[in-house]
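J.: Structure below; questions to follow.
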């Protein structure tokens, strides 16, 4: 039994068929269409602040440029996100997807060690982890990778 035949997935299949009837080419296409159609409507509220679909669209459209700058993230690479219930999450999530990267949601309660063991394959687990507020850059603004090793 799989997704295409299992009765328990009937509702999901109906939803997918309804979305496909609209001729969306991707999840990003669906998102951008919804943002254009409901631009002035409130999408999220958190801690007394509202964010409209239009604001999410505009801000998340700029985020991919930052992510792909200086070639430190390539198309298809994974980006871990730990933003529990904050307005920054939809910006980060849609920006990551728009940049052609893979969004990996992580549990904010993980310790550094648990995070690495859970979300990385064994040979990729670092021996040392250092969190920095900013990355070392040259005088022209390129990230100095050799200083990160």
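The values are calculated or read from the model by the stated rules, or taken from the named source; none is laboratory data. Here the structure is a predicted model, which is why all the values come from computation and not from measurement. When we count neighbours, we look across all protein chains shown, and the Cβ atoms used for this are built from the backbone with ideal geometry, even at glycine.
J.: Checking residue 45 against (1) over 22 Å from residue 27 (Cα atoms); (2) surrounded by 12 or more Cβ atoms within 10 Å (Cβ to Cβ), which single condition isn't satisfied?
T.: Only one criterion in (1) over 22 Å from residue 27 (Cα atoms); (2) surrounded by 12 or more Cβ atoms within 10 Å (Cβ to Cβ) is unmet by residue 45, namely (2).
J.: Right, next: Looking at (1) without any contact (Cβ under 8 Å) to a residue 24 or more places away in the chain; (2) under 30 Å from residue 146 (Cβ atoms); (3) under 16 Å from the mean Cα position of the chain (by Cα), which is the one condition that is false for residue 78?
T.: Among (1) without any contact (Cβ under 8 Å) to a residue 24 or more places away in the chain; (2) under 30 Å from residue 146 (Cβ atoms); (3) under 16 Å from the mean Cα position of the chain (by Cα), residue 78 violates only (1).
J.: Continuing with the same structure: Restricting attention to strands (runs of 3 or more DSSP E) lying wholly within the stretch 49-149, give those where 1 or more residues are modelled with pLDDT of 85 or more, crowded, with 16+ Cβ neighbours inside 10 Å and in contact with a helix residue (DSSP H, G or I) (Cβ under 8 Å, 6 or more places away or on another chain).
T.: 49-52
J.: Among the residues of the stretch 24-38, which ones are part of a helix (DSSP H, G or I) and free of Cβ contacts under 8 Å to residues at least 60 places away in the same chain?
T.: The answer is 29, 30, 32, 33, 34, 35, 36, 37.
J.: Report whether or not residue 23 is closer than 27 Å to residue 147 by Cβ, at pLDDT below 80 and surrounded by fewer than 16 Cβ atoms within 10 Å (Cβ to Cβ).
T.: Judged against the criteria, residue 23 is not a match.
J.: Could you list all residues from the stretch 1-23 that are touching a helix residue (DSSP H, G or I) at 6+ places or on another chain (Cβ under 7 Å) and part of a helix (DSSP H, G or I)?
T.: 19
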